[in-house]
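Read the figures in this text as sums done on the coordinates, not as results from a lab. The model shown is predicted, which means the values in this text are computed figures rather than measured ones. Don't worry about glycine lacking a Cβ; one is built from the backbone with ideal geometry, like all the others, and counts go over all protein chains shown.
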Amino acid sequence: MNAAFQPQIILLREGTDTSQGKSQIISNINACQAVAETLRTTLGPRGMDKLVFNGQKTTISNDGATIMKLLDIVHPAAKTLVDISMAQDAEVGDGTTSVVLLAAEILKECKDFIEDGLHPRIIIRGLREACNIATAKIQEISILQENELFRQLLEKCAGTALNSKLIARQKHLFAPMVVDAVTMLDPDLCDIKLVGIKKVTGGSVTDSQLVQGVAFKKTFSYAGFEQQPKHLKSPAILLLNVELELKSEKENAEVRITDPDQYQSIVDAEWKIIYDKLDMCVDSGAKIILSRLPIGDLATQYFADRGIFSAGRVATDDLDRVAKATGAFVQTSVQGLNGAVLGHCDVFEERGLGDERFNFFSGCPKAKTATIILRGGGEQFLEETERSVHDALMIVKRALASRKVVAGGGAIEMELSSVLRKHSRTIEGKQQLIINSFAKALEIIPRQLADNAGIDSTDVLNRLRKEHSAASDAGRWMGVDVLCEGGGTCDTFLAGVWEPAANKLNSLAAATEAACVILSIDETVRNPQSEKPGAPSQGVGLGAGGGRGGPNTRQMVSEAMGGGGMAGMMGRGKRMGMNSFKGKGGA
């Protein structure tokens, strides 16, 4: 027989789990729905928190990305939802729960089509068409704010991001603080990493403050540190990446002497080297010396005697922010120091915050960085506050770049749902059903917002559908009113619930792509042996040399076939059966 017509034989190790076809797609959809059920109750201002305990640390949060990261999901398809949640957090900062719920709801709506035998590629084509229509509509109806209204836009976007967080009641304090911090950055880069967030246990959350410049916790210090000045006006600042310790001159060196008297000259030379370094630092005119590497007890006392403040082991991010704020340049050598490499600030002081001491650099002339100091009663509260502030910072950054906003509270989702329903009535065929299902899936956001607030979601959705289906644009921004005791609907744009258009665009695109990826998977191959620690490589070669595994691999394949090679597989050699799978390739 011609080799081209011979059946292809695929060899899979004993115990390999293979699932394919319609049942595999439905299984993946069910797994994604199970993940979404975990996050469902955390959505919105009235969402509940989750407590996750990993055996060592307890985390209390309602942030979607944080919960998804801590859940340690093992299902291969469900991990896609973790990926889009993390991507949404990195790209926008907010909407991490919405994107997971939306993707899971799209899959739920498509489940009936899969069970009825509709090909996944037809469904995927319809979903992508619906996503394109929705994103185009967002671009069309998003509102651009300029001039004096732009500051108001940023604060409302930050407030909306904080609405569902632990510090929602203090958003009047944190929203302006977050906007001020972002606007202090370089507008071309707008690097959020230059906004330092420092947590200090103790006090009230209302004691949190914004420092225009840099503040960081006092580093480890040697004897003599208390003699250094703690308040300086208009000091020159020197930043180093140099170790100023005597012991560093004695390491990794071997010196052979012929006369014992020469030993003292070697010791004197070591002291001279360190003193020369310290003298060059003092001669530079700097009154504050910070180093990424240690500053020893000798150097600490030397600087204290000359009225100079010094700190070693300064964290890299703190040193970078000091450089950005003061205009100093980090030096890797003390040779040739001059005024051009020094930074300046109006006031330097060391102050106590709670049980900690912090170094403050304020009045920086080139300040393109800021520090937010968070206060609170407990460590878990402070960690959740930090996550909340980070989300608000990211949202303000995106709003600063795009300057376009839409109304939140489920208003934009209901408007898109209405547009897609109207569009589906203008086309024929299977795509009509798929686009209509996409429109129905979008309603998960307002429905869940209402459910989490204890409002009758059926009644709310009926009223919203009526408002958004009207011929005029008066009801375009009608959304769920979760803050009103009676519940119901309201114009969320007038209520100040604003979100950057980039948030919704990214959320829609990510959820649709995740649904398309999961629908396109029709087979999963999973080998339990490969999950065991120390498992051998799964490469199998039947040619000369045994492929990647060499002779050993060739032997494993033979044993896995039943000990008789192909003859054993076909039943002409050793009897085929479970008892024959006892070699290295067996179960």
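Within the range 302-360, none of the GluC sites (Glu not before Pro) combine a DSSP coil assignment with at most 11 other C-beta atoms in a 10 angstrom radius. Packing order of peptides 315-321, 71-77, 212-218, highest average first: 212-218, 315-321, 71-77 (average count of other Cβ atoms within 10 Å over each peptide's residues).
Take 284-291, 464-471, 146-153, 499-506 and order them by the average number of nearby Cβ atoms within 10 Å per residue, most first; the result is 499-506, 284-291, 464-471, 146-153. Applied to the range 161-171, the Karplus parametrisation 6.51 cos²θ - 1.76 cosθ + 1.60 on θ = phi - 60° returns per-residue 3J(HN,Hα) values of 5, 7, 4, 8, 9, 5, 9, 4, 6, 9, 5 Hz, with x for Gly and Pro. The eigenvalues of the Cα gyration tensor, multiplied by 5 and square-rooted, give the range 368-443 an equivalent ellipsoid with semi-axes of 42, 16, 9 Å from largest to smallest. In this simple spin-label approximation, residue 256 and residue 212 carry label points 7 Å from Cα along the Cα→Cβ vector, and these lie 6.5 nm apart. Here the spin labels are modelled as points 7 Å beyond Cα on the Cα-Cβ line, and at residue 306 and residue 380 they lie 5.1 nm apart. Each residue of the range 124-130 was assigned a 3J(HN,Hα) from its phi angle through the Karplus curve 6.51 cos²θ - 1.76 cosθ + 1.60 (θ = phi - 60°); the sequence is 4, 5, x, 5, 5, 5, 5 Hz, with glycine and proline shown as x. Students often forget the sequence filter, so: which lysines lie under 23 Å Cα-Cα from residue 230 once same-chain residues fewer than 8 apart are removed? Within the straight-line limit of under 23 Å, residue 230 reaches these lysines: 198, 199, 217, 218, 287, 324, 366. Taking amide H atoms as placed 1.01 Å from N in the peptide plane, the amide H of residue 216 lies under 5 Å from those of 359, each 5 or more residues away in sequence or on another chain. At full extension, residue 37 and residue 517 could sit 170.8 nm farther apart than now, given 0.36 nm per residue minus the alpha carbon distance.
Spin-label model, residue 351/residue 148: points 7 Å from Cα along the beta carbon direction are separated by 3.2 nm. Counted residue by residue at 0.36 nm each, then reduced by the alpha carbon distance between them, the extension gain from residue 458 to residue 268 reaches 59.8 nm.
Amide H to amide H distances under 5 Å link residue 310 with 289, where only residues 5 or more positions off or on other chains count and H is placed in the peptide plane.
Amide H to amide H distances under 5 Å link residue 242 with 292, 293, where only residues 5 or more positions off or on other chains count and H is placed in the peptide plane.
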